[in-house]
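Single-structure report; data block below.
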Amino acid sequence: MHDAVEVIVAKRDGAALSDSQIDWVVDAYTRGDVAHEQMSALAMAILLNGMDSREVARWTAAMIASGVRMDFSSLSRPTADKHSTGGVGDKITLPLAPLVAACGVAVPQLSGRGLGHTGGTLDKLESIAGWRADLTDAEMMAQLESVGAVVCAAGGGLAPADKKLYALRDVTGTVEAIPLIASSIMSKKIAEGTGALVLDVKVGTGAFMKDLDRARELAEVMVGLGTDHGVRTVALLTDMSTPLGRTAGNALEVAESVEVLAGGGPADVVELTLALAREMLAGAGVTDVDPAEKLGGGSAMDAWRAMVAAQDGDPDAPLPVAREQHVVTAEADGVLTRLDAMAVGLAAWRLGAGRERQGEPVQAGAGVEWHARPGDTVRAGEPLMTLHTDEPARFERALASLEGGYDVAPAGTAYEPTPLVLDRIG
Ligand code: URA
């Protein structure tokens with residue numbers, strides 16, 4: 001038997017926690033026997049003093065054991081999932097899940113809602129008329145068998161320890177600890193029961209991890225945890241200094257995803273969708289299908305329509321459009337050499353695409369559309385970005401967050417593009 005102060009003091013003084021201390025504290029916190037202020041002190045001690053690989057593995061196992069584990073072994077096809085650590089304009093799940101389903105692999109994707117400047121996949125899909133995020137386990141299984149792809153809200157039974165701890169970390173400055181991020185993400189993904197997992201670990205101004213070394217460390221810890229639990233896991237480290245595609249905002253990103261499913265869409269979104277699809281298919285043992293053919297050939301779009309309709313959404317309904325627009329124009333002729341992901345993400349959030357507190361509603365039509373990407377030529381007076389919101393009072397703060405968020409260099413300035421996929425771990 002342990003007590004909370006003993007565990008906090010051990011970590012505060014730099015000791016490694018024993019297996020039984022970890023099992024006890026995670027379980028007692030989930031049950032309410034360890035108080036929030038005690039867990040927040042422990043989270044801060046973990047952030048400052050770290051955890052070794054045994055501790056992270058045990059912490060993750062304790063969080064998995066706090067709830068139920070799903071089991072997809074009765075499905076007729078293999079399963080693969082993707083998790084992104086969160087970025088701006090990151091709509092990749094929307095084209096990716098139906099694309100992988102069209103290639104014969106089932107995608108059980110339990111997603112979240114956005115908090116802060118990064119968007120949430122469920123918020124995006126909820127901009128489709130009628131679509132619902134909450135499915136029963138039986139509905140999820142049936143849809144995985146019939147359509148092959150499900151994107152829905154994680155039920156309360158999956159890693160409940162993480163649900164409590166993540167909300168606490170969010171308000172105590174303890175989100176950024178690698179052991180806590182890795183165990184948070186991987187406990188949910190392992191409990192979800194996917195056979196293969198591809199992690200998209202974002203690096204750059206718009207990501208949790210601002211530099212490549214920390215992103216690589218996080219990826220290595222997560223790949224190790226997945227592999228130890230029998231989930232075939234790889235990670236791609238991908239750039240998030242520039243936002244993905246051409247839009248950030250809920251309905252705006254659905255529209256862009258539909259373009260990708262129709263065989264068009266921005267080149268970077270297509271590139272990342274295909275790179276992740278290839279990893280998911282390889283992890284599931286499917287190596288004889290080219291996902292690029294499915295994007296052009298219409299079967300990924302068919303899977304998208306079936307996936308939306310199965311969750312009561314109308315894939316043909318017009319998407320919501322914000323009531324007000326504000327256009328930002330280029331001040332001079334030149335080349336756009338930088339568009340900062342954090343600045344764009346903050347602007348979209350302030351326009352109403354995201355929420356400040358859990359449970360708040362979001363605006364479906366709000367967000368930012370950029371008409372040029374780094375490397376593109378721009379002309380004085382021509383639109384650089386369009387801001388969308390239902391409430392024009394929001395424009396001022398959104399414009400303030402874009403100040404200093406992009407650079408236009410004189411025409412002819414050389415521009416060196418950053419690769420989108422920076423590294424692969426696994
Ligand atoms: N996403 C999660 O689910 N958990 C974290 O700790 C960070 C990002």
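Out of Ser111, Ser73, one residue alone is open to solvent by 10 Å² or more (accessible area, probe 1.4 Å), modelled with pLDDT under 95, within 15 Å of the ligand (Cβ to nearest atom) and under 28 Å from Ala282 (Cα atoms). It is Ser111.
Filtered by the rule that a residue be in a loop (DSSP other than H, G, I, E, B) and either more than 10 Å from the ligand (Cβ to nearest atom) or open to solvent by less than 10 Å² (accessible area, probe 1.4 Å) (or both), region 174-210 gives Thr174, Ala177, Gly193, Thr194, Gly195, Gly204, Thr205, Gly206, Ala207, Lys210. When Val221, Val270 are checked against the criterion of being at pLDDT 95 or above, open to solvent by 10 Å² or more (accessible area, probe 1.4 Å), assigned to a helix (DSSP H, G or I) and within 15 Å of the ligand (Cβ to nearest atom), Val221 stands alone in meeting it.
Please verify whether Val171 is open to solvent by 30 Å² or more (accessible area, probe 1.4 Å) and either within 13 Å of the ligand (Cβ to nearest atom) or more than 12 Å from the chain's Cα centre (by Cα) (or both), treating the condition exactly as stated. In short, yes.
Filtering Glu37, Glu55 for residues that are touching a residue at least 12 places away in the same chain (Cβ under 8 Å) and either outside the structural domain of Gly283 (by TED's automatic domain parsing) or crowded, with 22+ Cβ neighbours inside 10 Å (or both) leaves a single hit, Glu55.
The values are calculated or read from the model by the stated rules, or taken from the named source; none is laboratory data. Computed from a predicted structure; not experimentally measured. Ideal geometry is used to build each Cβ from the backbone, glycine not excepted, and the neighbour counts take in all protein chains shown. Heads up: the accessible areas ignore ligands, DNA and RNA and are worked out on the full protein's heavy atoms, side chains in. Shrake-Rupley method; radii C 1.70, N 1.55, O 1.52, S 1.80 Å.
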